[in-house]
Amino acid sequence: DVLQLHMEVPQLLYEEILEKYVTEVSQKTSSIKHQFDQNRAKIASQRETNKVQLKPILGHPNREIDLNNLCRKEEDRAMESGDVLSEYYNELTNTERSIAQAFIESINHCTERLMNLFDQLITTDDVILGKVTEEKLPTTVLLKRELRAKQGDEASQPGLSQEGQPIKLLRIADIAVERTASSKSEHFKTSKFTPVHEEALSSMNKVCSEYKERFGAVMTELETTSTKWTASEEKWKRQWLSSVQHVR
């Protein structure tokens with residue numbers, strides 16, 4: 001029926017928005033990750049080259065200049081390693097957050113339009129009943145009807161249309177942990193609240209939860225990569241300094 005059709009529309013719209021921005025962020029971060037993998041391979045190759053070139057013969061007094069040049073080469077490699085990691089971390093984080101912000105703005109725009117549209121839908125509660133000529137009935141019948149009406153009021157269910165509710169718009173903090181103090185959420189109020197309104201909000205929350213879960217997984221993976229990279233470089237630095245000391 002018409003009500004069911006209106007309740008299915010929000011889900012389709014929100015899922016389309018989710019797919020659009022997940023596809024966009026995946027494409028953009030894929031190229032960032034590819035460049036990082038290439039830089040990481042280059043750094044690893046330079047480290048291996050320096051390791052091979054650090055031979056015992058460099059400890060001879062006549063080879064001191066060569067040893068110092070190799071040490072400076074390794075220092076440059078270590079600095080480049082830090083720059084590569086920092087650039088990757090910042091670029092990936094900024095890209096993820098930028099597209100998350102665009103996703104939120106699109107969701108909010110869609111939510112406001114849907115709520116305004118659904119405010120204009122007519123439900124049975126909006127229908128004003130006309131007056132009909134009352135039929136004269138015996139007093140006993142009227143008393144029985146009155147009694148049944150009272151009992152029905154006590155067990156009656158709420159109508160389709162309820163009083164309007166404030167709707168909270170999303171913020172970047174709802175998807176990603178804010179690095180600075182986040183602003184307060186913006187709200188707008190519907191003129192009424194029906195099952196269609198409720199279904200739209202449920203669909204919105206569902207896709208936002210999915211995007212948030214994906215965002216969290218990406219950032220966790222990034223933190224893990226950063227931690228492992230840093231630990232590997234620190235371990236290698238200790239080994240390098242120990243080897244240089246041994247050669248000297």
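Quick note: the coordinates plus some simple rules give every number you see, no bench work behind them. Computed from a predicted structure; not experimentally measured. Here the Cβ is made from the backbone with ideal geometry for all residues, glycine too, and neighbour counts use every protein chain on show.
Data table
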| item | result |
| --- | --- |
| Size of electric dipole in the stretch 48-112: Cβ of Lys, Arg +1 and of Asp, Glu -1, about Cα centre, debye, nearest 20 | 480 |
| Rounded FRET efficiency, nearest 0.05, which uses the C-beta distance separating GLU210 from GLU112 and R0 of 22 Å | 0.60 |
| Whole-angstrom gap from the stretch 195-248 to the stretch 19-94, using each part's C-alpha centre | 19 |
| Gain in span if fully extended, GLU198 to ASN94, counting 0.36 nm per residue against the direct Cα distance | 34.1 nm |
| Derived scalar couplings ³J(HN,Hα) [the stretch 105-118; Karplus, 6.51 cos²θ - 1.76 cosθ + 1.60; whole Hz; x for Gly, Pro] | 4, 5, 5, 4, 4, 5, 5, 4, 5, 5, 4, 5, 5, 6 |
| Residues with amide H under 5 Å from that of GLN165, placed H, sequence gap 5 or more | THR190, LYS192 |
